[in-house]
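Notes to accompany the following structure.
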Number of protein chains: 2
Amino acid sequence: MGDLDMGMASNGLTRRFFLERLGRMGGTAMLLAGMDALGFGIGSALAAPPKLEGKPRKNRVVILGAGNAGLASAYELTQAGYQVTVIEARSFPGGRAQTARKGFSLTELGGATQNCDYDDGLYINHGPWRIPYHHHSTLHYTRKFGVPLELFNNDNDASFLFFEKGKGPLAGKPVRKGEVAADMLGYSSEILAKLSKQGALDSQMGAEDKERFIEFLTEFGHLSKKDLNYTGTPGRGFLVDPGAGTDPGPGKPSAPHKLNDLLDSGLWHMLHSVAEWEQQRTMFQPVQGMEQIPKAIARHLPDGMIRYSTEVQRIRQSPKGVTVDVMRDGQPETIAADWCICTIPLSVLKTIDHGLSPAFAEAMAKCAYAPVGKIGLQMKRRFWEEDHSIYGGHVFCDNPDINNIALPSTGWQGQKGVLLGYYNFGPNAAKVSARSPADRAALALDYGQKIFPAYKESYETSFSVAWHRVKYNLGGWGMWSDEARATAYPLLTEPDGRLYLAGEHMSYIGGWQAGAFESAWQQVERLHARAMKG
Amino acid sequence: MGDLDMGMASNGLTRRFFLERLGRMGGTAMLLAGMDALGFGIGSALAAPPKLEGKPRKNRVVILGAGNAGLASAYELTQAGYQVTVIEARSFPGGRAQTARKGFSLTELGGATQNCDYDDGLYINHGPWRIPYHHHSTLHYTRKFGVPLELFNNDNDASFLFFEKGKGPLAGKPVRKGEVAADMLGYSSEILAKLSKQGALDSQMGAEDKERFIEFLTEFGHLSKKDLNYTGTPGRGFLVDPGAGTDPGPGKPSAPHKLNDLLDSGLWHMLHSVAEWEQQRTMFQPVQGMEQIPKAIARHLPDGMIRYSTEVQRIRQSPKGVTVDVMRDGQPETIAADWCICTIPLSVLKTIDHGLSPAFAEAMAKCAYAPVGKIGLQMKRRFWEEDHSIYGGHVFCDNPDINNIALPSTGWQGQKGVLLGYYNFGPNAAKVSARSPADRAALALDYGQKIFPAYKESYETSFSVAWHRVKYNLGGWGMWSDEARATAYPLLTEPDGRLYLAGEHMSYIGGWQAGAFESAWQQVERLHARAMKG
Ligand SMILES: Cc1cc2nc3c(=O)[nH]c(=O)nc-3n(C[C@H](O)[C@H](O)[C@H](O)COP(=O)(O)OP(=O)(O)OC[C@H]3O[C@@H](n4cnc5c(N)ncnc54)[C@H](O)[C@@H]3O)c2cc1C
Ligand SMILES: Cc1cc2nc3c(=O)[nH]c(=O)nc-3n(C[C@H](O)[C@H](O)[C@H](O)COP(=O)(O)OP(=O)(O)OC[C@H]3O[C@@H](n4cnc5c(N)ncnc54)[C@H](O)[C@@H]3O)c2cc1C
């Protein structure tokens, strides 16, 4: 664990801090939010890979790592006529972009080996799982290589919020997000519309604006035109749904929660005018798992270009080139090239005999890596759909061991399904990951049972990951403090000799595949410009 | 056209009236909204068909119409051991639940014949197109018969709003919905938070509530903690998206619109605390078109049970049974049964020699049918995705000839696509439908071109429908005024002799397939209860 995490752990994550973060992010990741606060941006700038024109003389490139950054580098350089070798420690392409399904095996550092035994066709994206519509680079590759996409339901008004730490009648009770939104915003609109009517805005708004503003609040908050009261709205759901004939006929409306109870509950932390940029509709997932993206890129590389199960152990440079000592099945080998693109996570790279300059090494050490955990629980029945009409989306919880339970956006109305039982970060991820896989599942099940009566009885098997304990990652993603972003990071965007760093950590869209792709595009372009000079 | 439509047309639909309706409904259908105002409910009550136990003696049922109501009646009664005959005027099952694809042909009353010539695999759901997650009855059949579903993207923050009739710099400009939401709600939150801070709520809120309320507004509206100002938020989008390295690095933030400009534009009509009940996420569509639902039910009926291309011309009853005179290819035939379930739209039924009681006939006449039009435009390039990053959702417009342009929620990143060019209602539907198919397309293209520069150049072919001009429908759906709902409707829920009415019009979820299914379930149950008595 890096400085930052320790810092966060020792500062203590107060509930309010956690909720603010969780809330502000539309419920994704506390640490992603932390990253935002620390100067990480969100969104993806480049829509297409660079055009690499001309034939360089020195054209042998060794790429370290066959995650998305390494694969994109290899593909674009190969297209431009480079001779590329990719060294990958794992036996498959994609790095973090993994999908666990039957037969997938993972041994965490100092942990048990898990052999995923989901039913055929079921899987969990235990790494990246969703793609924002504006991540042009990621979507460039899905389009180019025809990876079929389906919508990822990232925001479901019908899904529950479950906060235990507040007060009042809504604490510890699953409440549908749509109810909370309708009521909190209904009351807020009522209050503001009435104040406005009473003249409270007269100093800042003309008569015409004021009239339209009240009209806006009335429509937005579903207020009664007559008296500007909020007394509920069909959009928050019915007590008895409308139907056929005269019974149920029009159904029975539901009554709103009390403002005071809502304020007590803390559930309002989950409401936002707009979701954070990278959490906004529309989001996608590849059909049959995120691994389909790297697999598709790898299929479009020449056979044998990627050397799998081959670990980088030593990197050396001379003014003329780069040599990389690797080990495969106990067999050492040395690969020589003119250039190197290194996409190994900095958490791992700093443990390797990399021979990089002291300034570079020092800068690398300033990037902290996030502890992150996920668990996929196979359920023999899709009770969330069948019993609760929740189709996809998240159940946001105020317990940071869990954070959110996510319901799958695939296999609608099927027999079984794999749901995400927790998505935890930082100290909580560290804590939960100290448990055995079975104990992690038990923790997830105990919690989920509070929300869904059929949780435990439907459970069949689990697969969990703690990325900080995964050998070739040692963390979920890189995090830069403001200070490191200002000092260390810019240095690392420059080559050290003939070696260029690429990967999600070399971007302001860290923790996203687009960060890996775009940093690869950027470094490949720079390398090419230099190679063309001779 | 029925009373109601004429009423609406002659009252004149002011722009405000239209916008209110459009806005309140999350942008669906003015007349759907009109229906709501007139006492139509929204939502769906029954999760499963009735259990029909026991063997009735008189068990021959003739079902008129093989739309969803007729099909569901036939299926459930067949399961319960009834001898069922279904009479259907069209050559295919599904009634309104049609999908236009290559080879589909439609001749409107007094209109040209359109032969749909979309490319293979492309289609438009020119009738029903989306299924709310709480329409349990519709979802019952998709699940039971394994009709694969995919998400229908009904709310896309990245999509445009396009209002021409307002004032100021935002009038006549496509503006992304997320920007409008972030800014309108940001400013509203700022105003209310500041008023609250200044003590404006002190009479109605205790100190603790006040503090939390301000905290809520700060988080919800993305206000600065320091001074409660709203100055934009990443969630509204960037001027330059964040990316790799140091350039673009963190990207460049965007500046909010002015509150006054937003109020001038009228775009705020499209913002709501929660979407209307039947427009809420999650929504579905069957893979490969809505027709897959009725086709699946029809496949599960005994061969030959549905007599296609057979028109009901006369219905007669005696104390002992029902006879239906039908015509097929000029050949008359009479079908005798113990019971009749009639799912023919009332707009059509009242033109048939039905022999029903005068009170019944009078009540039927009180149901008005909505003029509704849709057009599907095949585009040779998915410019909305490629040029604008809009993946599904709607472009809401304040021109009631158009209302909304809908981008397809299928075929993501494909070569071509069919988008919905307009969805118009009432007098506007009547007006537009008076044009030839080619002229309707021209109208849609002229309008779309104002929003998307590549609209016209990408256009290939169109298919349009005006439901009020479709022979066996004569309108999109039934509409009840408050008065008719109170007097006529209840009468029609009772059988007239041995004839039971079913169909979307016999529900409070009219204009939705669930209304058809649930009224079928209800009438089948009543018929069975009576048949069991002897
Ligand atoms: C839990 C989680 C959730 C996420 N969610 C999302 C999401 O929803 N959407 C999204 O777009 N992104 C998401 N991300 C981020 C995304 O996974 C990463 O940004 C991206 O996959 C990183 O790609 P990369 O090529 O930079 O690194 P990696 O994928 O880690 O690739 C590095 C490669 O180097 C190899 N390697 C390491 N050491 C050696 C060695 N010594 N010798 C040889 N090879 C070595 C590794 O095996 C690996 O293949 C998520 C990540 C995590 C962990
Ligand atoms: C434009 C539009 C959009 C819609 N959008 C949605 C949506 O998004 N989601 C949704 O769930 N619902 C939607 N609906 C509503 C949905 O289509 C209907 O509620 C439902 O399909 C009606 O089913 P039904 O069986 O009651 O009537 P129909 O489907 O109309 O069935 C009646 C049947 O009777 C037959 N018939 C008529 N006259 C005769 C005769 N003389 N002899 C023999 N047979 C005859 C007809 O051919 C037809 O098959 C939409 C409808 C329209 C028009």
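Every number in this text was worked out from the coordinates using simple rules, so none of it is lab data. Because the structure is predicted, anything quoted here is derived from the model rather than measured. Here the Cβ is made from the backbone with ideal geometry for all residues, glycine too, and neighbour counts use every protein chain on show.
Cross-linked pairs B:K295/B:K471; A:K374/B:K144; A:K225/B:K167: Cα-Cα separations exceed 31 Å for A:K374/B:K144. Only lysines eight or more places from A:K320 in sequence, or on another chain, were considered; those with a Cα closer than 23 Å are A:K55, A:K58, A:K533. Between A:R57 and B:L109, the FRET efficiency estimated from the beta carbon spacing at R0 = 60 angstrom works out to 0.20. Available extension along the chain between A:E460 and A:D303 is 52.6 nm, counting 0.36 nm per residue and deducting the alpha carbon span.
Please give the FRET efficiency for A:S254 paired with A:Q415, using the beta carbon to beta carbon distance and R0 = 25 Å, rounded to the nearest 0.05. Intermediate values should be presented prior to the final figure.
Numbers: r = 32 Å, r/R0 = 1.28.
It comes out at approximately 0.20.
With its label point put 7 Å out from Cα toward Cβ, B:M305 sits 5.7 nm from the same residue's point in the other copies, in order from shortest. Shortest first, B:N115 label-point distances to identical copies amount to 6.0 nm, with the label point at 7 Å from Cα along Cα→Cβ. By the helix-only formula, in which each DSSP H run with n ≥ 4 contributes -39500 (n - 2.57) and the sum is divided by residues, the protein assembly as shown has a 222 nm mean residue ellipticity of -9500 deg cm²/dmol.
For peptide A:216-223, how many partner chain Cβ atoms fall within 10 Å of a residue's Cβ, on average?
Averaged over the peptide's residues, the number is 6.
Among B:Y422, B:Y455, A:Y447, a tally of other beta-carbon atoms within 10 Å of each Cβ gives an order, fewest to most, of A:Y447, B:Y455, B:Y422.
Per q in 0.13 1/Å, what log10 I(q)/I(0) does a Debye calculation on the alpha-carbon atoms of the stretch B:440-509 return? Reported log10 I(q)/I(0), two decimals: -0.63.
Taken one residue at a time, the phi angles of the stretch A:402-413 give Karplus couplings (6.51, -1.76, 1.60, θ = phi - 60°) of 10, 6, 9, 9, 10, 8, x, 9, 7, x, 2, 6 Hz. Gly and Pro are set to x. Treating cross-link reach as a plain straight distance, find the aspartates and glutamates whose alpha-carbon is under 13 Å from the alpha-carbon of B:K102, omitting any fewer than eight places away in the same chain. Partners found: B:D117, B:D119, B:D120.
When each of A:K58, A:K225 is scored by the number of other beta-carbon atoms lying within 10 Å, the sequence from fewest to most is A:K225, A:K58.
Taking every alpha-carbon pair under 8 Å whose residues sit at least 6 apart, the stretch A:177-265 reaches a relative contact order of 32 percent.
The spread of Cα positions in the stretch A:373-476, taken along each principal axis and listed from longest to shortest, comes to 38, 25, 22 Å. With a cut-off of 16 Å on the backbone N, the residues of the stretch B:494-511 near the modelled label site 7 Å out from B:S357 along Cα-Cβ are B:494-501.
What is the magnitude of the charge dipole of the stretch A:332-456 about its Cα centre, with +1 placed on the Cβ of each Lys and Arg, -1 on the Cβ of each Asp and Glu, and no other charges, expressed in debye to the nearest 20?
With Lys and Arg at +1 and Asp and Glu at -1, about 480 debye.
Rounded, prolate or oblate: which fits chain B, taking a ≥ b ≥ c as square roots of the Cα gyration tensor eigenvalues, rounded meaning a/c under 1.5, else prolate when a/b beats b/c? Prolate shape, in that a/c is at least 1.5 and a/b is the bigger ratio. Distance between the modelled labels on B:K165 and B:R328, one decimal in nanometres: 5.0 nm (7 Å Cα→Cβ projection). Counted by neighbouring Cβ atoms within 10 Å, the residues B:K431, A:K374, B:K252 run from fewest to most as B:K252, B:K431, A:K374. Between A:Q288 and A:A48, full extension at 0.36 nm per residue minus the direct alpha carbon distance yields a gain of 83.9 nm. Placing a pseudo-label 7 Å from each Cα along the Cα-to-Cβ vector at A:K350 and B:V240 gives an inter-label distance of 2.9 nm.
Normalised by residue count, the protein assembly as shown yields a Cα convex hull volume of 170 Å³ per residue. Take the Cα of B:D446, step 7 Å toward its Cβ, do the same at A:S436, and the gap between the two points is 7.5 nm. Legend: calculated FRET efficiency, B:A365 to B:F92, from the Cβ-Cβ distance at R0 = 30 Å, rounded to 0.05, equals 0.55. Sorted on the mean count of surrounding Cβ atoms within 10 Å across their residues, most packed first, peptides A:326-332, B:321-327, B:506-512, A:191-197 read B:506-512, A:191-197, B:321-327, A:326-332. For chain A, the relative contact order works out to 24 percent when only alpha carbon pairs closer than 8 Å and six or more residues apart are counted. Counting Cβ atoms of other protein chains within 10 Å of each residue's Cβ and taking the mean over peptide A:130-142 gives 3. Calculated on C-alpha atoms, the gyration radius of the stretch A:177-265 divided by its Kirkwood radius gives an Rg/Rh of 1.09. Other residues lying with their Cβ under 11 Å from the Cβ of A:V274 contribute a combined charge of -1, Lys and Arg counting +1, Asp and Glu -1.
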